[in-house]
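Take a look at the structure below.
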Amino acid sequence: MRRRGWLSANRALEVSPKCHVRKGDTVVVMAGKDRGKSGKVLSVFRVDRQVTVEKINIIKRHTKPSQQNRQGGILEREAPIHLSNVMLFCSTCQKPTRAATMTLTDGSRVRVCRKCKQPIESSARP
């Protein structure tokens, strides 16, 4: 992502853009060929605004035999999809939702569901 204009001189941004999902979250695909499916987030690419979701957007990769992959052949793996096509899934109300941030009394911040106001737990974080 680049900032444009004479002052910035096309320098890259130091801060990566905000992201509404994290690794380990459960998300629902809202658009595309896998619309309606849900899965766990495997990785988030904040600069590219993309996310890889488990068993979503499966592509077939034709590979030649090499030192790392002695067999070769056709491999199936997940490809990244754009962040705008996924929505966070609330396990309490069982619906896709947007996340809000709430500050607790001890000063810590948690993500909450905008529909039921319950905290959203990520399986990657304790």
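Pull up segment 90-126, narrow it to residues that are small (Gly, Ala, Ser) and either under 18 Å from residue 23 (Cβ atoms) or in contact with a Phe, Trp or Tyr (Cβ under 8 Å, 6 or more places away or on another chain) (or both), then point me to the one that is surrounded by the most Cβ atoms within 10 Å (Cβ to Cβ).
99
The residues of segment 92-101 that are touching a residue at least 12 places away in the same chain (Cβ under 8 Å), more than 17 Å from the chain's Cα centre (by Cα) and over 17 Å from residue 30 (Cβ atoms) amount to a single one, 92.
Criterion first (under 26 Å from residue 16 (Cα atoms), surrounded by 11 or more Cβ atoms within 10 Å (Cβ to Cβ) and more than 20 Å from the chain's Cα centre (by Cα)) does residue 87 satisfy it? In short, no.
For beta carbons closer than 8 Å, sequence separation of 6+ or different chains, a first residue in segment 40-63 that is of a type in the set (S, T, N, Q) and a second that is open to solvent by 40 Å² or more (accessible area, probe 1.4 Å) and assigned to a loop (DSSP other than H, G, I, E, B), the qualifying pairs are 43/23; 43/80; 50/80; 52/80; 57/32; 57/33; 57/80; 63/69. The set of residues in segment 71-84 that are surrounded by 12 or more Cβ atoms within 10 Å (Cβ to Cβ) and part of a strand (DSSP E or B) comprises 75, 78, 81, 82.
The values are calculated or read from the model by the stated rules, or taken from the named source; none is laboratory data. Because the structure is a prediction, the values reported are computed rather than measured. When we count neighbours, we look across all protein chains shown, and the Cβ atoms used for this are built from the backbone with ideal geometry, even at glycine. In case anyone asks, the SASA skips ligands and DNA or RNA and just uses the protein heavy atoms, side chains included. Shrake-Rupley method; radii C 1.70, N 1.55, O 1.52, S 1.80 Å.
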